[in-house]
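Here the structure is laid out as structure tokens; the discussion comes afterwards.
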Amino acid sequence: MKAFISHRGLVGPVDLANVDTDMIIPKQFLKSIKRSGFGPYLFDEMRYLDEGWYGKDCSTRPLNPDFALNQARYQGASVLLARENFGCGSSREHAPWALDDFGIRAIIAPSYADIFYNNCFKNGMLPIILGKAVIDTLFAEVAANPGYELAIDLPAQTITKPDGSTIAFEVDAFRKQCLLEGLDEIGLTLKEADKIRAFEAGHRQAQPWMFDAIK
Amino acid sequence: MSGKTLYDKLWDAHLVDSRPDGTALLYIDRHIIHEVTSPQAFEGLRLAGRKLWRTDTNVATPDHNVPTDREERKGGIATIVDEVSRIQVQTLDDNCEEFGITEFKINDIGQGIVHVIGPELGVTLPGATVVCGDSHTATHGAFGCLAHGIGTSEVEHVLATQCLVTSKMKNMLVRVDGELGPGVTAKDVILAIIGKIGTAGGSGYAIEFGGSTIRSLSMEGRMTICNMAIEAGARVGLVGVDEKTIAYVKGARFAPTGETWDKAVAYWQTLTSDDDAGFDAVVELNAADIEPHVSWGTSPDMVVPISGFVPRPEDQADATRQKGYQRALDYMGLEGGIPVTDIRIDKVFIGSCTNSRIEDLRAAAAIAKGRKVADSIKKVYVVPGSWLVKQQAEDEGLDKVFIEAGMDWREPGCSMCLAMNSDVLGRGEHCASTSNRNFEGRQGPGGRTHLMSPAMAAAAAIAGHIVDVRQLA
């Protein structure tokens, strides 16, 4: 997994609560057996005026001018500013894959759906949680100031605004370490293989019906 | 000291390691795999040169992409028209072959929607930890399982290590007591719950559903309830084990037998929350207050009782909510203030991991029997959840009831719940749907979904608009 240590980037807003993963990447793109190439289809139904399908060339598709990320001032946005319960619905990891492929490195929202939140960390992407009032202020400042950038420092757990003021954020220790070091979680878990085997032996004694039944 | 909740018990029984940073290594008993969220996980294993930790915990089946049209389905993978879908289903077969995973292929009798076949085949057993790369894995919690959806990175992690790195959720009890009125079903109960607590109300929690109403529900009804826990934001839904749970599992293909069965049952009977267990949150509903429910908007908490009205954005308290409601009304082509029974329906979908089991089909057939679909309805898709459900429905003659009413009796799969195959709504079409999500575009770009129970969906098919099923029954 790629590491995330710090990032400075243009903020792009999606000013809507309960953005579900069907909105982030609609189901027709989930037919792909790959992990990459979803960026052009990110927010497909909100972003384009026509219907998209997997493999469609997006370079000439008509853009929806009302969708903020289509506006010239937000081109190159790498920090997504969002509303509560972002990423609800389907567990599809294609959602963070599409955001990542589009160029998003961090998300800032008041809350996330659990599965989406978890999936972000698995892909070197940092979902930050801030209070609703702080988020409201950020939306207002982004709208008022073209070129609005934020600098995110994961080791210090701070976001620095253009005026130099900082906002602190929380992130749990294990996820932070994995992001900072770009750790391979499977490799880490396999280091505990002896513990897993020991547990498994006891579990087999206690619940033998859970073993060797499916063949 | 207070006792343990069911979730606490399941957690403790699978805890491999508890770390100082608050995370834990949790052992996984059952992993169900489908074609959409697994290819990248298998590819990851190949790239890293990793093997499966165990093969006998995994079961796979294609469900999301498979055609439900008889002709398109007949030839198996070869006759899937969409090439990208065909490759994805074929890739599942290839991966299962390569890694030695038990798979029920597209036209095998064990095939069906992952959350229908898991319980049906006894892959899902009480007390198990069950995961799948699908958020509706919460369904299996109806059996007293710790079951939840995972992303593809975690699919790979489970395949390679049989564990998940996770942290403990909080406990929520949703208690529903009393007797449900005629025409009111498990689907109405869960829609009422989501309407009450909202789509993020259960975030961070494992929700246990309890109370006399839940106890009185069949296993199919309990699965419907747990299935939609995720629509209230909770990854996990749970119901304690009782005689109904054990009766459902008995005789299933992968369920234990003989002495092992007796030992298992003795353990399973301990899988309820202790009387003095503490919950972090408790929500209570009175069954007598619950009417049939339908959704009017684009989020599963945008629901009203059938006697209700489409809400007006201006009546909502805060600005974000007003904006969300207005957007939903614009998308749905509706105006606030109208009775929900005024909403005309174009298509009907009876199916999905929420409502495609035998009891659901019986409920829909009871309404359809001797009646005809309204002329204004373009199509009614009745999609059984599995080949076994289909077979049983046909043994009971339900297929004939649907066909005589003018409905389309189809082959099993996820179908129009998420419309990855060719079962898709047209732009602007309103659908009475027994599925779980009414998100924008969920059933097709521009499609408008109204969530409801199988009986209510069948009634809408007959009436041509949303209608109170109690007027037909």
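Listing for the model above:
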{"item": "Count of the stretch B:119-176 residues which are among the hydrophobic types (A, V, I, L, M, F, W, C), at the interface with chain A (Cβ under 8 Å from one of its Cβ atoms) and outside any loop (DSSP other than H, G, I, E, B)", "result": "3"}
{"item": "Subset tally (residues that are touching a residue at least 24 places away in the same chain (Cβ under 8 Å) and under 21 Å from A:Leu16 (Cβ atoms)) for the stretch B:437-466", "result": "11"}
{"item": "The one condition in (1) in a helix (DSSP H, G or I); (2) within 14 Å of chain B (Cβ to nearest Cβ); (3) within 20 Å of the chain's Cα centre (by Cα) that A:Leu183 fails to fulfil", "result": "(1)"}
{"item": "Flag if A:Phe139 is under 27 Å from A:Phe86 (Cβ atoms), in contact with a Pro (Cβ under 9 Å, 6 or more places away or on another chain), at the interface with chain B (Cβ under 9 Å from one of its Cβ atoms) and in a helix (DSSP H, G or I)", "result": "no"}
{"item": "Some residue of the stretch B:291-303 being farther than 30 Å from B:Gly149 by Cα, outside any strand (DSSP E or B) and small (Gly, Ala, Ser)", "result": "no"}
{"item": "Yes/no for B:Gly406 being more than 14 Å from every other protein chain (Cβ to nearest Cβ) and either farther than 14 Å from B:Val348 by Cβ or surrounded by 24 or more Cβ atoms within 10 Å (Cβ to Cβ) (or both)", "result": "no"}
{"item": "Subset of the stretch B:204-228 (residues that are free of Cβ contacts under 8 Å to residues at least 60 places away in the same chain and out of contact with any strand residue (DSSP E or B) (no Cβ under 6 Å at 6 or more places or on another chain))", "result": "B:Arg215, B:Ser216, B:Leu217"}
{"item": "Criterion (outside any helix (DSSP H, G or I), within 8 Å of chain B (Cβ to nearest Cβ) and not aliphatic (A, V, I, L, M)) met by exactly one of A:Asp212, A:Asp163", "result": "A:Asp212"}
{"item": "Which numbered condition B:Phe42 misses (of (1) facing another protein chain (nearest Cβ under 8 Å); (2) buried (at least 21 other Cβ atoms within 10 Å of the Cβ); (3) part of a helix (DSSP H, G or I); (4) not basic (Lys, Arg))", "result": "(1)"}
{"item": "Unmet requirement for B:Asp93, which otherwise passes all of (1) assigned to a loop (DSSP other than H, G, I, E, B); (2) farther than 24 Å from B:Asn436 by Cα", "result": "(1)"}
{"item": "Every pair of residues 6+ apart whose Cβ atoms lie under 8 Å, when the first sits in the stretch B:315-335 and is within 15 Å of B:Thr449 (Cβ to Cβ) while the second is among the hydrophobic types (A, V, I, L, M, F, W, C) and surrounded by 18 or more Cβ atoms within 10 Å (Cβ to Cβ)", "result": "B:Ala328/B:Trp296; B:Ala328/B:Met302; B:Leu329/B:Val310; B:Met332/B:Trp296; B:Leu334/B:Trp296; B:Leu334/B:Val310; B:Leu334/B:Ile343"}
{"item": "Count of the stretch B:425-436 residues which are free of Cβ contacts under 8 Å to residues at least 24 places away in the same chain and under 22 Å from B:Gly198 (Cα atoms)", "result": "0"}
{"item": "Among the residues listed as B:Thr224, B:Thr245, the single one being closer than 30 Å to A:Asp212 by Cα, assigned to a helix (DSSP H, G or I) and under 13 Å from the mean Cα position of the chain (by Cα)", "result": "B:Thr224"}
{"item": "Flag for B:Ala366 being more than 18 Å from the chain's Cα centre (by Cα), surrounded by fewer than 23 Cβ atoms within 10 Å (Cβ to Cβ) and modelled with pLDDT under 95", "result": "no"}
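For (1) buried (at least 23 other Cβ atoms within 10 Å of the Cβ); (2) free of Cβ contacts under 8 Å to residues at least 24 places away in the same chain, each residue gets a yes or a no:
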position: A:Glu51; (1), (2): no, yes
position: A:Phe67; (1), (2): no, no
position: A:Val79; (1), (2): yes, no
position: A:Cys88; (1), (2): yes, no
position: A:Phe139; (1), (2): no, no
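The values are calculated or read from the model by the stated rules, or taken from the named source; none is laboratory data. Note that this is a predicted model, so its numbers are computed, not measured. So basically every Cβ, Gly included, is an ideal-geometry build from the backbone, and we count neighbours across all protein chains shown.
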